[in-house]
């Protein structure tokens, strides 16, 4: 099982991948999210794991665009408690640190920490675990924000633990497979993700959303993204839960009749939040 992630070993995506797929034979670490989707779509990866939203920082918007643009299918989701740590090279002390690196979304989850330490400069990095590897190599007054597993992976030391803004900090991860290998027909699950667009006319969006209520479907998330090259036109991404399969298909047919396009991105079981931070990955 070859699994692609954005980031390095010891990242939260690495640990989530090990939760989804305990028997990973090869972890494909990609610096860019687009490369994760390229690996999966092109066949060099059997699966991919991506974060899609965080309870403090919000949605990973690029991943919505990539889900629509690539022939992939959401197979499962995982809700994980995220605990951030300030990590530096051995011997570096907190008073000596002047710059802190991490992924921009991780930095956004630690705003209160930076407000309380105004002398620390927050610098974006392509990955949480990668920021720790960078800090350990630098061996000077820099640190990274990442999981405890990243400290173990790269020989760093935790200077402060639990620096996220709120203890109820969760990230939702998605397990992706190639669309051709995991068909949507007869896929079990009680949650559906889809993308759709409506005509640019009064009441079009309200009419589309009304279908969910009329059919007794629990709309749990709605996100909009601009259509590249078409100013002021948008694609809407929706998640909804179903009590029974017979409720979903008629609603989808009605939606297709009202929309300029509809694409079902995945059908899977809704996940429950874990109460503990991710354990170190074991692949």
Residues of the stretch 9-23 satisfying the condition of being over 14 Å from residue 148 (Cβ atoms) and either assigned to a helix (DSSP H, G or I) or in the same structural domain as residue 154 (by TED's automatic domain parsing) (or both): 13, 16, 17, 18, 19, 20
Going through the stretch 238-252 one residue at a time, which ones are at pLDDT below 90 and either touching a strand residue (DSSP E or B) at 6+ places or on another chain (Cβ under 9 Å) or surrounded by 12 or more Cβ atoms within 10 Å (Cβ to Cβ) (or both)? 242, 243, 245, 247, 248, 250, 251, 252
Selection from the stretch 210-237 of residues that are touching a helix residue (DSSP H, G or I) at 6+ places or on another chain (Cβ under 7 Å) and surrounded by 13 or more Cβ atoms within 10 Å (Cβ to Cβ): 211, 212, 215, 217, 219, 223, 225, 235, 237
Considering only the stretch 4-15, state which residues are on the phi < 0 side of the Ramachandran plot, crowded, with 24+ Cβ neighbours inside 10 Å and in contact (Cβ under 8 Å) with a residue 60 or more places away in the chain. 6, 8, 11, 12, 13, 14, 15
Restricting to the stretch 260-272, name every residue that is surrounded by fewer than 21 Cβ atoms within 10 Å (Cβ to Cβ) and under 26 Å from residue 199 (Cα atoms). 260, 261, 262, 263, 264
Restricting attention to strands (runs of 3 or more DSSP E) lying wholly within the stretch 188-260, give those where 2 or more residues are closer than 18 Å to residue 65 by Cβ and more than 21 Å from the chain's Cα centre (by Cα). 230-241
Does the stretch 85-100 contain at least one residue that is assigned to a loop (DSSP other than H, G, I, E, B), buried (at least 24 other Cβ atoms within 10 Å of the Cβ) and touching a strand residue (DSSP E or B) at 6+ places or on another chain (Cβ under 9 Å)? no
I'm trying to understand the selection: among the residues of the stretch 34-55, which are surrounded by 21 or more Cβ atoms within 10 Å (Cβ to Cβ) and outside any strand (DSSP E or B)? 36, 37, 40, 45
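The values are calculated or read from the model by the stated rules, or taken from the named source; none is laboratory data. Only a predicted model underlies this, so the values are computations on that prediction, with no experimental measurement involved. Note that we place each Cβ from the backbone using ideal geometry, even for glycine, and neighbour counts take in every protein chain shown.
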